[in-house]
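For reference, the structure discussed in these notes is given below.
Here, each number is a calculation from the coordinates, and none is a lab measurement. These figures come from a predicted structure and were not determined experimentally. Using ideal geometry, Cβ is built from the backbone for each residue, glycine included, and neighbour counts are taken over all protein chains shown.
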Amino acid sequence: MRAFDYAAPSSVDEALRLTKPGSAFLAGGTTLVDLMKLDVLTPDHVIDVNRLPLNGIRLSDGHLRIGALERMSAVAAHPTVMVHFPVISRALLLSASGQLRNMASIGGNLLQRTRCDYFRDVTAPCNKRQPGSGCPAQTGVNRTHAILGSSSSCAATHASDVAVAFVALEAMVVVRGRGGDRIVPLEDFYLLPGNTPQVENQLGPDELIVEVRVPVSPLARQSTYLKIRDRQSYEFALTSVAVALSLRRGVVLDARIAAGGVGTKPWRLRAVEDALKGNPAMEKTFSDAAESAVDGARPLAQNAFKVTLLKRTIVRALIDVAGVR
Amino acid sequence: MRATPIGQPVDRVDGRIKVTGAAVYAADNKPAGLTYGYIVTSTIGRGVITGMDTAAALASPGVLAVYTPFNPLKLFAYVQNQNDESAPPLQDKEVRFHGQTIGFVVAETWEQARDAASLIRTTYQQQPPVTAFPGPPAAMEKADTDAEGPDTVLATGVASVAQAVAAGEVTFTASYSTPVQHHCAMEPHATVATWNGDHLTAYTVTQGAVLSVRRLSETLGVDAAKIHVISPHVGGGFGGKWGNWAQVPLACAAAKALGRPVKAVLTREQVFTLAGHRPLTVQNLKMACTADGKLTAITNDGITSRGFAGSWSESVANWTLTTYASPSIQVTKTIVPLNLGAATVMRAPGEANGSFALESAMDELAERLGLDPLEMRMKNYATFVPNTGKPWSSKHLDECYRRGAEEFGWSKRPKKVRATVDGDWLVGTGMGTATYGASRGLASIKVRLSADGTASVSGTAADLGTGQYTVFAILAADVLGIPVDRVRPELGDSTSPTAANAGGSNSTCTNGPAVQVAAKAVQTELVALAVTNPKSPFHGKDPAEVVYRDGSVSSGGLTMSFGTLLTTCDVGSVEAVGTSPRLVDPEHGFRSFGVHFCEVRVHRWTGEPRVTRWLSVMDAGTIINVKAARSQIQGAVVMGIGQALLEATEVDQGTGRFANGNLASYLVPVHADIPPIDVRFLDHPDPLISGLGAKGIGELGIVGVAGAIGNAVHHATGVRVRELPITLEKLLGS
Ligand SMILES: Cc1cc2nc3c(=O)[nH]c(=O)nc-3n(C[C@H](O)[C@H](O)[C@H](O)COP(=O)(O)OP(=O)(O)OC[C@H]3O[C@@H](n4cnc5c(N)ncnc54)[C@H](O)[C@@H]3O)c2cc1C
Ligand code: SF4
């Protein structure tokens, strides 16, 4: 860790005014401080945003609105979230550990950095950390890496669980800059690595996430999150699937599906959704539909199993949420 | 007579101070004027350091010194092999592995030392590291197996084991491999060194205070009598704190050079590279048996890695020599040196990996013959030590099998694989045999009775969380006839009498008898005081008429507790040192035994294996504290579940770096991965190991665990996995 200066503003405007090259916002710190200890992030100015009025979890204007500073644990346990958006609650509860969820904020969660071990080790090259230095994961240890959306420059996954649920539910982030607010669909907020993997999203250096908005829909009530991993808790996803489904008389009316652990960003699976619609909710439909999930997959030496695993995870999640077999 | 506390479930005597944070661990020590050292590590896997620019580090705030191979602290060559690095740090410029010690920065604060360390610029002449099997053939070393007894036995009339295998009615060949794994003790390696003139006091993590004294004496060139090592509590060792890794000599030598105390604590990432690991292994097994399942020949060619920086490697095939009866057996050992840190002992070194292969193979062979796995083991039950023909000191493994099978419900096990499905889960059961060598070494213990009515029991032994403190308290309380809470065990101080280090599962079988001897001897001292001290009410009596019983001395109707007697005599304490000799019994084989039964579920869609039921039945001689003993077995099973399903240190092949050398990426089991672990002890004393009859339990519990799990996974799915860990991608096809 390097020395830095520290400010704790109490208004959003002040926080935005304090930004400058080399500054970073501090929320729960579970990503930022972790990476500062590893010298991966070396901000000169740390702007603590915890005093900003960015709290609140409420339903209004047909949206669930979650303040960026709400802690993961608070969102997961909120009655509205549990009843209307079970997929969000579940995705959060399957994330990290109790201690981390008590510290970590929703805004920070969406901006957490990849778990690629090369990214986290400053002695290794890494295009994301040091543009142009190379991507050792392409031929190195890559069991946990992405099979979708990757490029020869970077194959790191976006590791957030709840972002997968948000993308499935077509959530938006409210971004505030000196010029005012922008509302960006979360799916578009994240960018593919291409040959600039250091640019992960649309957030400018002098912008804050202030809120996440999730449209209320009947779909969301029948939703779940399935996370597959080696150990039963406290691990990032090898694959994960957020599904929301509406059925009528055993037929799929509508579906929203997104996958985690497999993409360089939370991966919306529209082709799978389309293949489900209008078909009977049964295992055969689900497994046929899941085939298209891996279109364009780019497996690496150690993660080719994710191609099969993703399809199976989708089927399993659909069976769970549809209550059929 | 008071009821003996031996074999009761006794709470740990050190439990309270540990859960309240009052127990002082090495890094908790803060002598006045303390400075902080930070180890600088290499960022290449193999090569030579050509330069280190330390100017910026030296100019950095608070920095007191920067030591490098260009400006080293003098450390003399290591003389004795301690399963750690073969040479002290900073004495040459060669880089043997990624993350090797190449510098040591000492500053007023830890942060200053760390920040300065990051300013050092190092240049190297690099070479490609050798990080995988087979490595260059030239480097392969055919090695001595270090077997107890011969490593080749031949049935009469058989010219070679190869011939015996070829002649088998049924033969079976398979290869099993295991990855690099790490101990992951909770407490990182820490040393705080402080000098008083030419006397050194070192608070350090260690599995034996005398091991640290010996190492420091040879490398510092200081008389061992002037070195005081203090290590009362150790936060887990598992073999990883047997050796004295780089922070130990560096902190001590720097403290001398600077004239101020120095603390050095490895970061978690440094623990991974600098403090040893379980080596990579492969076992190539060939077995032959009769059509009805009697083994006629086994060969096991074991391959193990060794770090270029260390000398230790795993004799992975040796377990095959002593487990099942076979008229011909041969094991070999080949060492492949790699550019990884020094490999070292890790819980059941050899047996944990060795048993994975043999226990899997026994099942594979049983399946081929249509035999039940347990029947297969009983058919090949070793009534005598297979490679020496000697009788066992005691062996009740058959009783373990019987009792375990009954309580687990083994007879209900479907013969076929993939026969049980529960919802979306394929369910299977498996078993594995556990055996681990037992021995009794030389140990001395001091027992001291004090005027306040307490007894202290001291020896250089270590409690790594194992329960050794409580064993001392129980055994002394038993012999002295006083409550356990009146005994104060004192461990981990090098000035105490020399007791067994914590390793090889022989702490209790070695130290236990010595505690008993000392607790007896101190009674004689007390009686002698009673009859000779003029202030004693027993003064002048014939010692033969004065008896010690249940904490009191009595004679002719007068009884006085030792505390009152000492107080009356105005004597602070009496003490005695008891020594229990090394056991020399060339006539017998000594081992602890046991069996594990488990149930594993594998999801039919996504393949993840989950352990859902566990029973271990153990034959480890007398059990001193059934509560702590159960914890030892449970802990070992947890570690074995990690070994079987989760743990693998990935090596980045280009650089030789451990890619997941941190606790976020190196997966050890979490609570959710562990089912209730039911542990039973037969509690039959071993009549030959000591009067106490205790054998070892620290390592026994992990042996056979990975095999049992692999067997259950196969039973559930029909898929046989021969490479650990058994992760879901290996089962997705199922
Ligand atoms: C051991 C471990 C295990 C974990 N396991 C999981 C898991 O299983 N699933 C999962 O989803 N996550 C997991 N996480 C990640 C964890 O959820 C994130 O670290 C956490 O959500 C980040 O939130 P924070 O408030 O602590 O962010 P911080 O660390 O404070 O910030 C993270 C980043 O976001 C920026 N930032 C924070 N808030 C804002 C804002 N409002 N506007 C603009 N920028 C902002 C910061 O500048 C920083 O760059 C794990 C983390 C750890 C350490
Ligand atoms: S995958 Fe991305 S994050 Fe990982 S090493 Fe390559 S560029 Fe860096």
Report task. Give just the number: which of (1) buried (at least 19 other Cβ atoms within 10 Å of the Cβ); (2) touching a residue at least 40 places away in the same chain (Cβ under 8 Å); (3) within 11 Å of ligand 1 (Cβ to nearest atom) does A:LEU100 not satisfy? Result -> (1)
Report summary line: Scanning the range B:671-680 residue by residue, those surrounded by 16 or more Cβ atoms within 10 Å (Cβ to Cβ) and either within 7 Å of another protein chain (Cβ to nearest Cβ) or within 21 Å of A:LEU38 (Cα to Cα) (or both) turn out to be B:ASP673
Query - Filtered residue count, the range B:644-658, keeping only those that are within 9 Å of chain A (Cβ to nearest Cβ) and closer than 20 Å to B:ASN353 by Cα - result: 4
**Report entry** Count of residues meeting criterion [crowded, with 21+ Cβ neighbours inside 10 Å and farther than 30 Å from B:VAL222 by Cα] in the range B:53-75
**Finding:** 1
Requested in this report: Select, from A:SER160, A:SER151, the only residue that is surrounded by fewer than 20 Cβ atoms within 10 Å (Cβ to Cβ) and away from chain B (no Cβ under 14 Å).
Outcome: A:SER151
Report task. Could you tell me whether any residue of the range B:566-573 is exposed (fewer than 14 other Cβ atoms within 10 Å of the Cβ), at positive phi and of a type outside the set (Asp, Glu)? Result -> no
Query - Lone unmet requirement of (1) surrounded by fewer than 23 Cβ atoms within 10 Å (Cβ to Cβ); (2) under 19 Å from the mean Cα position of the chain (by Cα); (3) within 20 Å of A:LEU93 (Cβ to Cβ); (4) away from ligand 1 (no atom under 12 Å from the Cβ) for A:ARG221 - result: (2)
Report summary line: When the range A:120-130 is checked residue by residue, the ones that are touching a Pro at 6+ places or on another chain (Cβ under 8 Å) and more than 16 Å from ligand 1 (Cβ to nearest atom) are A:ALA124, A:PRO125, A:CYS126, A:ASN127
Query raised in the report: Got at least one residue in the range A:121-133 being free of Cβ contacts under 8 Å to residues at least 60 places away in the same chain, touching a Ser or Thr at 6+ places or on another chain (Cβ under 8 Å), within 16 Å of ligand 2 (Cβ to nearest atom) and among the hydrophobic types (A, V, I, L, M, F, W, C)?
Result: yes
**Report entry** Residue among B:GLN100, B:GLN126 that alone is touching a Gly at 6+ places or on another chain (Cβ under 6 Å), away from chain A (no Cβ under 12 Å) and not β-branched (Val, Ile, Thr)
**Finding:** B:GLN126
Query raised in the report: Only one of (1) under 30 Å from A:GLN198 (Cβ atoms); (2) away from chain B (no Cβ under 11 Å); (3) basic (Lys, Arg) fails for A:LYS277. Which number is that?
Result: (1)
Requested in this report: Restrict the check to the range A:197-206 and report whether at least one residue is out of contact with any Ser or Thr (no Cβ under 9 Å at 6 or more places or on another chain) and in a strand (DSSP E or B).
Outcome: yes
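For the range A:163-213, what are the residues that are within 16 Å of ligand 2 (Cβ to nearest atom) and crowded, with 19+ Cβ neighbours inside 10 Å?
A:TYR190, A:PRO193, A:PRO197, A:GLU200
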Report task. Write out, first by first residue and then by second, each pair whose Cβ atoms fall under 9 Å of each other, whose residues are 6+ apart or on separate chains, and whose first residue, in the range B:636-662, is at positive phi while the second is among the β-branched types (Val, Ile, Thr). Result -> B:GLY656/B:ILE44; B:GLY656/B:VAL130; B:GLY656/B:THR131
Requested in this report: From the list B:VAL719, B:VAL713, pick out the single residue that is touching a residue at least 40 places away in the same chain (Cβ under 8 Å), closer than 21 Å to B:PRO414 by Cα and either crowded, with 24+ Cβ neighbours inside 10 Å or within 14 Å of chain A (Cβ to nearest Cβ) (or both).
Outcome: B:VAL713
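Taking the residues in the range B:136-150 that are among the acidic types (Asp, Glu) and part of a loop (DSSP other than H, G, I, E, B) as candidates, determine which candidate is nearest to B:SER315 (Cα to Cα). Step through it out loud before you land on a result.
If we filter the range B:136-150 for residues that are among the acidic types (Asp, Glu), which is where we start, we get B:141, B:144, B:146, B:148.
Next, from what is left, pick out any that are part of a loop (DSSP other than H, G, I, E, B): B:144, B:146, B:148.
Numbers: B:ASP144: 9, B:ASP146: 7, B:GLU148: 11 Å.
Out of the qualifying residues, it is B:ASP146.
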Report task. Kindly establish whether A:GLY194 is in a loop (DSSP other than H, G, I, E, B), in contact with a Cys (Cβ under 9 Å, 6 or more places away or on another chain) and either more than 14 Å from chain B (Cβ to nearest Cβ) or without any contact (Cβ under 8 Å) to a residue 12 or more places away in the chain (or both). Result -> yes
Query - Matching residues, the range A:103-119, being touching a helix residue (DSSP H, G or I) at 6+ places or on another chain (Cβ under 7 Å), near ligand 1 (Cβ under 7 Å from one of its atoms) and assigned to a helix (DSSP H, G or I) - result: A:ASN109
Query - Where A:SER73 falls short, out of the listed (1) over 27 Å from A:ASP5 (Cβ atoms); (2) over 18 Å from the mean Cα position of the chain (by Cα) - result: (2)
Query raised in the report: Does A:VAL216 meet the test of being under 16 Å from A:ILE88 (Cβ atoms), surrounded by fewer than 22 Cβ atoms within 10 Å (Cβ to Cβ) and away from ligand 2 (no atom under 16 Å from the Cβ)?
Result: yes
Query raised in the report: Do you know which residues across the range A:41-65 are of a type in the set (Val, Ile, Thr) and away from ligand 1 (no atom under 11 Å from the Cβ)?
Result: A:THR42, A:ILE57
Query raised in the report: Is there a residue being among the hydroxyl-bearing types (Ser, Thr, Tyr), out of contact with any strand residue (DSSP E or B) (no Cβ under 6 Å at 6 or more places or on another chain) and more than 16 Å from ligand 2 (Cβ to nearest atom) anywhere in the range A:239-251?
Result: no
Requested in this report: Check every one of the strands (runs of 3 or more DSSP E) wholly within the range B:208-324 and list those with 3 or more residues that are more than 29 Å from B:ARG46 (Cβ to Cβ).
Outcome: B:227-230, B:281-289, B:295-307
Query raised in the report: Within the range B:167-186, restricting attention to residues that are in a loop (DSSP other than H, G, I, E, B) and under 15 Å from B:LEU365 (Cβ atoms), which residue is nearest to the chain's Cα centre (by Cα)?
Result: B:GLY168
Requested in this report: Confirm whether A:VAL315 is among the aliphatic types (A, V, I, L, M), within 14 Å of another protein chain (Cβ to nearest Cβ) and in contact (Cβ under 8 Å) with a residue 40 or more places away in the chain.
Outcome: no
